[in-house]
Amino acid sequence: MRIGRVIGNVWATRKEEGLQGLKLLVIQPLDAYGNPIQTHFVAADRIGAGIGDDVLVTSGGSSRFIDRNNPMPIDAVIIGIIDATEVERGELNGSSDRND
Amino acid sequence: MRIGRVIGNVWATRKEEGLQGLKLLVIQPLDAYGNPIQTHFVAADRIGAGIGDDVLVTSGGSSRFIDRNNPMPIDAVIIGIIDATEVERGELNGSSDRND
Amino acid sequence: MRIGRVIGNVWATRKEEGLQGLKLLVIQPLDAYGNPIQTHFVAADRIGAGIGDDVLVTSGGSSRFIDRNNPMPIDAVIIGIIDATEVERGELNGSSDRND
Amino acid sequence: MRIGRVIGNVWATRKEEGLQGLKLLVIQPLDAYGNPIQTHFVAADRIGAGIGDDVLVTSGGSSRFIDRNNPMPIDAVIIGIIDATEVERGELNGSSDRND
Amino acid sequence: MRIGRVIGNVWATRKEEGLQGLKLLVIQPLDAYGNPIQTHFVAADRIGAGIGDDVLVTSGGSSRFIDRNNPMPIDAVIIGIIDATEVERGELNGSSDRND
């Protein structure tokens, strides 16, 4: 899953069937330290995320399984609102002795 | 989903079965501020998008679920025509000079 | 779908079951103006594409749906031979007034 | 599958149904020589990986098949904890100075 | 499918169910001329590929269809050992007259 921050909304009246009522949010992807990376994308939201929230986003074909009986043509969905992230810093420095 | 602008048409007479009659449009991907990013791709359209429209595009395996009983060998489909996008600027530390 | 040009053939005698007889072509991805982009990949072909043809290629999980009753372990398939592409040039210049 | 090192944890109380109790770990992707590449992502873990472990991660739609009867909306899952990696160096023409 | 060369092995004793006995190989992706591109990844192998073999690799959700009745949580699988590749060189030079 990717980490991202909700930075906006998208509205689309005319859309494919099965997407009515689905909230669409603009996401800024972040690395694990909170730095913005890559480009914005749009994710569906059913758990009530809002502007400024840091979220976990599932991309690709698994996205449609938020409703197993009703697969939707979506490729990104917010699956969690992040409470906290704890990352070890600097541990990769000594990686040269790993595979040799 | 990616944001994109419809910039062209593609015609292909000889194609895989199940794709007859499907409209194929050339898409220029955009970031949330409307700046062109990455490279063009081709998306199927069933909702009547036209040249110049800003659209939401679903990529990958979920694309075929625009018709659940008739999965098609497509990997990108327009799922909505964008009415409006509202994006918070500058909320990411140091990011204000990033997308302008 | 990606636009590409057929630039070669690949032969593999020893392969996974279910792929016997499947033609495999080397594809050079192109942007909508015909410029080569990214790196070559290999796509399956069932519609008779040949060297020099410009084609539409479906990637990822949808590829296997060229035969719904017999999903194959392939991730790229030619779904159409392009007759013509018509792309608007320069229309993205005025995009700065889009989302603000 | 990608090779990666577990570098952190993510906690999310509010999440999509079906994800309760699933452990979420921050992964730093590595090349086969142990050098960090690309950006962090978050993977689900059911086999007990911990901080510092080198792991194999499956991405995309196949991730949900860790429980075939209960597909989950996840796009990355740890499928193995690496015991050892053995890589031939220099066998690609001119590549010997590439990964060192 | 991607072209790649087998450059190593990965061993993982502790892994997800359904992966027991599956051979895991480190792959260096190549372009159609045999030049190394991008970063290594790990692919499952059931057809007996060995170090130094050039192979075709299917990525993503289709990978699990090497055994249709037993979908596995893998995202890359060797589907063929390449006997020969024949690529036209230089044919893209005259592409500027293509879409205009």
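The values are calculated or read from the model by the stated rules, or taken from the named source; none is laboratory data. Model, not experiment: these values are computed from the prediction. Because the Cβ atoms are built from the backbone with ideal geometry, glycine has one as well, and the counts that use them run over all protein chains shown. Protein only, heavy atoms only, side chains kept; ligands, DNA and RNA dropped before computing areas. Shrake-Rupley method; radii C 1.70, N 1.55, O 1.52, S 1.80 Å.
Here is how the numbers come out for the structure above:
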| read-out | value |
| --- | --- |
| Total residues in the range E:14-35, condition without any contact (Cβ under 8 Å) to a residue 24 or more places away in the chain, more than 16 Å from E:Ile81 (Cα to Cα) and not basic (Lys, Arg) | 4 |
| Among residues of the range A:5-21, those that are of a type outside the set (Val, Ile, Thr) and farther than 22 Å from B:Glu88 by Cβ, counted | 8 |
| Matching residues in the range D:7-34 - criterion: being farther than 23 Å from E:Leu19 by Cβ, within 7 Å of chain A (Cβ to nearest Cβ) and not hydrophobic (A, V, I, L, M, F, W, C) | D:Gly8, D:Asn9, D:Thr13, D:Arg14, D:Lys15, D:Glu16, D:Tyr33 |
| Selected residue (only one of B:Asp67, B:Asp45 is more than 7 Å from every other protein chain (Cβ to nearest Cβ) and modelled with pLDDT under 95) | B:Asp67 |
| Count - residues of the range D:48-62 that are open to solvent by less than 10 Å² (accessible area, probe 1.4 Å) and facing chain A (nearest Cβ under 10 Å) | 1 |
| Every residue from the range D:10-52 that is under 19 Å from E:Asp75 (Cβ atoms) and not in a strand (DSSP E or B) | D:Leu22, D:Asp31, D:Ala32, D:Ile37, D:Gln38, D:Thr39, D:His40, D:Arg46, D:Ile47, D:Ala49 |
| Residues being under 14 Å from B:Val57 (Cα atoms), touching a Lys or Arg at 6+ places or on another chain (Cβ under 9 Å) and open to solvent by less than 10 Å² (accessible area, probe 1.4 Å) - total across the range A:11-45 | 3 |
| Hits in the range C:14-57 (condition: under 17 Å from B:Trp11 (Cβ atoms) and among the β-branched types (Val, Ile, Thr)) | C:Ile47, C:Val55, C:Val57 |
| Residue in the range D:71-92 that is more than 7 Å from every other protein chain (Cβ to nearest Cβ), at pLDDT below 80 and either open to solvent by 30 Å² or more (accessible area, probe 1.4 Å) or in a loop (DSSP other than H, G, I, E, B) (or both) present | yes |
| Residue list for the range B:52-86, restricted to those being among the hydroxyl-bearing types (Ser, Thr, Tyr) and in contact with a strand residue (DSSP E or B) (Cβ under 7 Å, 6 or more places away or on another chain) | B:Thr58, B:Ser59, B:Ser63, B:Thr85 |
